Amino acid sequence: MEKITKYLIVSLGLFWLSCSSDNEEIKTIVDDDISVVEVQASFEYTISEEDPYAILLENTTESDSDFSAVWDFGKGGEKVADKAGFEEVRYTETGEYTITLEATNVAGTSTATKTIKVDQRYGVCSTNGCEELPQNGLKEETDTFAVGVITQSYRISEGGNHTQVLKKEFNSLTAEYEMKMNIMYPSPNNYDFSAGDAIVDFAVANDMYVHGHALIWHEASPDWVENFTGSDAEFEKMVEDYITTTMTRYKGKVRSWDVVNEAVDESAGNPLRNSIFRQRMGGDYVKKCFQFARNADPDAILFYNDFNIAASSGKRTAIFDLVDGLGGLVDGLGAQMHISIDYPSTEDIQAVVDATVSRGLKLHFSELDIRTNLENDKNLSSLPTEKAARQKAKFKEVVNIYNAVPSEIKFGVTVWGLRDNESWLVDFFGVPEWPLLFDENYNKKQAYDGFVGGLQ
Ligand code: XIL
């Protein structure tokens, strides 16, 4: 290196040091007649125009001496050697990431850092307005129907983020499983309402409606009911007592009940599933249960709730036949919305709405979750961006359809779970799934914006 250049570097370095506000000391080494200033790392970044989740990193370190540089993208993992040109890095999870460039020459090592914010719904913040995200809870986005979610008693007793999000976002609460018969009536003459009480009390204390789910469901009948030892008449009396005792306990606190859940199984030849209730109480058992419920709490809104109402037109017909047979004992239809990003079609969902409207029944989009992993890929570790966008669109479509329903039959939309990792679908299908509005860290997903978008 020419002497003149060396002196220039040294004096420039000293000048920089005297102006520098931080205390980092710039080292020089003098080796025989060679002085080398410690290289000063610096970099810039821009957000990719093609991909809002990607940034382009440019190493702007200048030095007359040889140096090497490595990146730490702030995502964990190995440092990455700087290469010529831009580094393109993607960030898909919400959070703050500190990016570090470390430059080293013979005089030492220096670092430059920058912190970026990423919102899973919008990508890298700062140029695309993450700050302007809506801060209202979902429940404030509509005043024409309740926005509900499920919970479990231990989650609300733990408090913390779970309860904060419940309170902020939702105004209706449903027990995921603790207000089903096997929990509330575990053995003869022995009720256990402890978990149900905890959920109902929490909801009431926080001004939330409670939607009771579900009094009669073949999947949640206790063993002693399945193997009931008394006569059919005693069985029926037991069911009446159970419905009466339960609904009386929650009178004035639980606004609505799924009285009978999933009674229809059109594939079995007879539209009515051959459950223990049908076997013991007869083909009109559904009507009997609704009568018991009506007697127990005349103010409660009574629903018949079932799945695949949109997806299967045959089942839809069977369900509406059953509901028609209940006459004035039923107030509404609960259409479970365990659906996927592809199915059912808008037309099929609309068909459920139209059939409900024409009967003047209330409509509950109950149990909403939207599957994405239709390939059942066991190795997926996160929700692919393209799927996230399709899921957002499907949430928007569903909520949009619901929002257009005449106001007198509107009731509520209930999301079947708060965070993706709490969803029953993960166990049910045994593959990774992200079907809900919040990710496991309570971050709102694109799906959340889809829900809000459906209300516009
Ligand atoms: C599921 C719950 O999510 C699970 O935690 C439980 O173990 C089984 O039941 N249709 C219904 C809901 O009506 O009650 C089911 O909930 C999901 C399918």
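Here are a few things to note about the model shown:
- Residue in region 387-410 that is within 15 Å of the ligand (Cβ to nearest atom) and farther than 17 Å from residue 342 by Cα present: no
- When the residues of region 331-377 are filtered to those that are among the hydrophobic types (A, V, I, L, M, F, W, C) and touching a residue at least 60 places away in the same chain (Cβ under 8 Å), the one that is nearest to residue 426 (Cα to Cα) is 370.
- Any hit, region 172-191, residues being more than 23 Å from residue 242 (Cβ to Cβ) and touching a Lys or Arg at 6+ places or on another chain (Cβ under 9 Å): yes
- The condition (being assigned to a loop (DSSP other than H, G, I, E, B) and at pLDDT 95 or above) is satisfied by just one residue among 436, 425: 436.
- Whether a residue is at pLDDT 95 or above and surrounded by fewer than 17 Cβ atoms within 10 Å (Cβ to Cβ) was assessed, and residue 306 does not pass this test.
- Tally, over region 151-189, of residues that are open to solvent by 40 Å² or more (accessible area, probe 1.4 Å) and within 16 Å of the ligand (Cβ to nearest atom): 5
- Residues (within 16 Å of the ligand (Cβ to nearest atom) and either assigned to a helix (DSSP H, G or I) or of a type in the set (Asp, Glu) (or both)) located in region 203-222: 218, 219, 220
- Considering region 224-243, the residues that are among the acidic types (Asp, Glu), over 10 Å from residue 292 (Cβ atoms) and in contact with a helix residue (DSSP H, G or I) (Cβ under 8 Å, 6 or more places away or on another chain) include one that is nearest to the ligand (Cβ to nearest atom), namely 226.
- Matching entry among 100, 115, 109, 104 (being surrounded by fewer than 16 Cβ atoms within 10 Å (Cβ to Cβ) and in a strand (DSSP E or B)): 115
- Taking residues in region 195-211 that are hydroxyl-bearing (Ser, Thr, Tyr), and partners anywhere that are open to solvent by 40 Å² or more (accessible area, probe 1.4 Å), the pairs with Cβ atoms closer than 6 Å and at least 6 places apart or on different chains are 209/255.
- If the condition is being open to solvent by less than 50 Å² (accessible area, probe 1.4 Å) and either assigned to a loop (DSSP other than H, G, I, E, B) or within 16 Å of the ligand (Cβ to nearest atom) (or both), then region 190-202 contributes 193, 195, 196, 199.
- Candidate set: region 244-269, residues that are at pLDDT below 95 and open to solvent by 50 Å² or more (accessible area, probe 1.4 Å); chosen: the one nearest to residue 290 (Cα to Cα): 266
- Against the criterion of being open to solvent by 50 Å² or more (accessible area, probe 1.4 Å), within 25 Å of the chain's Cα centre (by Cα) and modelled with pLDDT of 95 or more, residue 350 qualifies.
The values are calculated or read from the model by the stated rules, or taken from the named source; none is laboratory data. Fair warning: this is a prediction, and the values are worked out from it, not measured in the lab. FYI the Cβ positions are ideal-geometry reconstructions off the backbone, even for glycines, and counts take in every protein chain you see. Just so you know, the surface numbers come from the protein's heavy atoms only, side chains and all, with ligands and any DNA or RNA stripped out. Shrake-Rupley method; radii C 1.70, N 1.55, O 1.52, S 1.80 Å.
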